[in-house]
Amino acid sequence: MAAAMAWLRRGAWGPARRCGLTAGRSYSGGGAYPGVSLTCPLPGVPKAVFAAAEGRERFETRVTALENGLRVASQNKFGQFCTVGLLINSGSRHEAKYLSGISHFLEKLAFSSTAQFGSKDEILLTLEKHGGICDCQASRDTIMYAVSADAKGLDTVVNLLADVALQPRLSDEEIEMTRMAIRFELEDLNMRPDPEPLLTEMIHAAAYRENTVGLNRFCPVENTDKIDRKVLHSYLRNYYTPDRMVLAGVGIEHEQLVECAKKYLLGVEPVWGSAQTKDVDRSVAQYTGGIVKVEKDMSDVSLGPTPIPELTHIMIGLESCSFLEEDFIPFAVLNMMMGGGGSFSAGGPGKGMFTRLYLNVLNRHHWMYNATSYHHSYEDTGLLCIHASADPKQVREMVEIITREFILMAGAVGEVELERAKTQLKSMLMMNLESRPVIFEDVGRQVLATNTRKLPHELCALISQVKSTDIKRVVTKMLHKKPAVAALGDLTDLPTYEHIQAALSSKDGRLPRMYRLFR
């Protein structure tokens, strides 16, 4: 021991000893260079160059606006593949002056025959040469055409995207096939055991009655035969304009993407002509509140050896805020704090088990099958809602449990639960942004709405700054609004809308007592 201490005092970690060149000592594991440490450069071998972050600016989102108003946004990312797409400020919220369901049709017709490509198969074969896949998604406020492929095929990809968006043939045969696909999807929607897509439509219709984001995202059955090429062209003429588009790319050089955009998206005449736009809907969402009820027999929704029991589904929502407002971050933390899920949630023990809807609802009321918090946010409004499912005989009790949870949101927020919710939100944000397609959508949506992009570290800093007082402030403001209610299933015991509204205005969230002479 004394010898070892003396060795350390003599400077055992000096330069000569650190490289293992003294007194024949060697810390090397190999035999090719005896006596040479692995921490020192090898004789005759070039100095290794390590990958390093060369300044944050290399990884920031770059945005360039072209002469026609189209914006080009890109984000650098290591890897052989890239994700590139067109995001267009168009969707079901803009269909007030048109037949409802046009966006649904455009989503199904995407990547069909164009001026350059004779069929969908031809498009897929072209992408296959670059290991590519394509997809189109239509939401309430955005239509997104995206392709993931080898970065070397960028020119082909942008050419294809421009042709798909601006030069679709929309043949009679393709439109007829789309009608069939939509009818099948609508039938499937009504037969699914999971009612969440239907309830989401219903809660939006109740919250924003007959305006903007309250308009139906799915094409009504009666409109499938009315939508044709002429109707589609009249809509496209007004909404598929360069100033409403963003060409976003992840995993490619910005200058390269800008060159491709100039080549294929600048000065291009769309197939519907370039007449002056005249019917663009610039309406701001008007929150109305209200109730939408659909009486439905849910007893035979899921048959089989282990059928799901008959359930009644309720969704109660209140207006939150737009994603452009500062309060968006506290609402996101609140949504994470409420959490919840199904009583048979997958993912193993402990997944989300500390959120309020698990601790206060699913943990204490074994008869509840679901209690989940959702937050829908748009550029001019938002909606925070809770979805709950239970046996039809316990609907009244279920509604009261949910209204009490809304009232408790404005109460004390524990430091531990707040920190846990903030950490979970940051974790989820960073985990999702590991995926290239998610980064692409984030870049495109942010640039489409704000012409810029908040980077993940900026969002994490904003999340960290949220205090319990912020949660209380946004909830108090939210509780002053009229509720939106969606109800699906056997609604015999559903409380009236006025009673739900009274519960959300009370101090304890309890429904008014009902006294019956006869039972």
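Some observations on this one:
- Charge dipole (the chain, unit charges on Cβ, about Cα centre) - positive-most of Ala261, Ala486, Gly444: Gly444
- Mean ellipticity per residue at 222 nm, deg cm²/dmol - from DSSP H runs of n ≥ 4 across the chain, formula -39500 (n - 2.57): -11000 deg cm²/dmol
- Per atom type, segment 57-180 shows carbon and sulfur on 51% of its accessible surface, probed at 1.4 Å.
- Working from label points 7 Å from Cα in the Cα-to-Cβ sense, the Lys293 to Thr450 distance is 4.2 nm.
- Counting charges near His480 (Lys, Arg +1; Asp, Glu -1) among other residues having Cβ under 13 Å from its Cβ returns a value of +3.
- Given charges at Cβ of Lys, Arg, Asp, Glu: segment 45-177 dipole, positive-most of Leu66, Gln167, Cys136: Leu66
- On Cα atoms only, tilt of 154-166 relative to the major axis of the chain in degrees: 10
- Sparse-neighbour loop sites [trypsin sites (Lys or Arg not before Pro); segment 273-329; at most 12 other C-beta within 10 Å; DSSP]: Lys278, Arg282
- Remark: the chain carries a charge dipole of roughly 2300 debye about the Cα centre, counting +1 on each Lys and Arg Cβ and -1 on each Asp and Glu Cβ.
- Computed over neighbours whose Cβ is under 15 Å from that of Tyr369, the net charge equals -4, Lys and Arg +1, Asp and Glu -1.
- Equivalent ellipsoid semi-axes, segment 69-213, via Cα gyration tensor eigenvalues times 5, rooted, Å: 29, 19, 16
- Linear extension gain, Asp225 paired with Glu415, 0.36 nm per residue minus alpha-carbon span: 62.8 nm
- Cross-link partners of Lys152 among lysines (Cα-Cα below 16 Å; sequence separation of 8 or more within a chain): Lys77, Lys129
- Pairs spanning more than 20 Å between alpha-carbon atoms, out of Lys296/Lys393; Lys230/Lys278; Lys296/Lys481; Lys97/Lys120: Lys296/Lys481; Lys97/Lys120.
- The charge dipole of segment 127-245, taken about the Cα centre with unit charges on the Cβ atoms of Lys, Arg (+1) and Asp, Glu (-1), comes to about 380 debye, rounded to the nearest 20.
- Where GluC sites (Glu not before Pro) fall in DSSP loop in segment 235-304, at most 15 other Cβ within 10 Å: Glu253
- Electrostatic tally near Arg356: other residues with Cβ closer than 13 Å to its Cβ, Lys and Arg +1, Asp and Glu -1, net +1.
- Segment 323-470: relative contact order in percent, alpha carbon pairs under 8 Å with at least 6 residues between: 24
- P(r) histogram, all alpha-carbon pairs of segment 163-242 included - 5 Å bins from 0, percent: 3, 12, 17, 19, 20, 17, 10, 2, 0
- Among the chymotrypsin sites (Phe, Trp or Tyr not before Pro) found in segment 438-519, those both in a DSSP coil and sparsely packed, with 11 or fewer other Cβ atoms within 10 Å of their Cβ, are Tyr515, Phe518.
- Magnitude of the charge dipole for segment 290-505, about its Cα centre and with charges confined to Cβ atoms of Lys, Arg (+1) and Asp, Glu (-1), is about 500 debye.
- Crossing angle, helix 196-207 versus the chain [Cα axis fit, 0-90 degrees, rounded to tens]: 60
The values are calculated or read from the model by the stated rules, or taken from the named source; none is laboratory data. In this text, all values refer to a predicted model and were calculated from it rather than measured experimentally. Please note: Cβ atoms are built from the backbone with ideal geometry, for glycine as well, and neighbour counts cover all protein chains shown. Please note that ligands, DNA and RNA were not included when accessible areas were found on the heavy atoms of the full protein model with its side chains. Shrake-Rupley method; radii C 1.70, N 1.55, O 1.52, S 1.80 Å.
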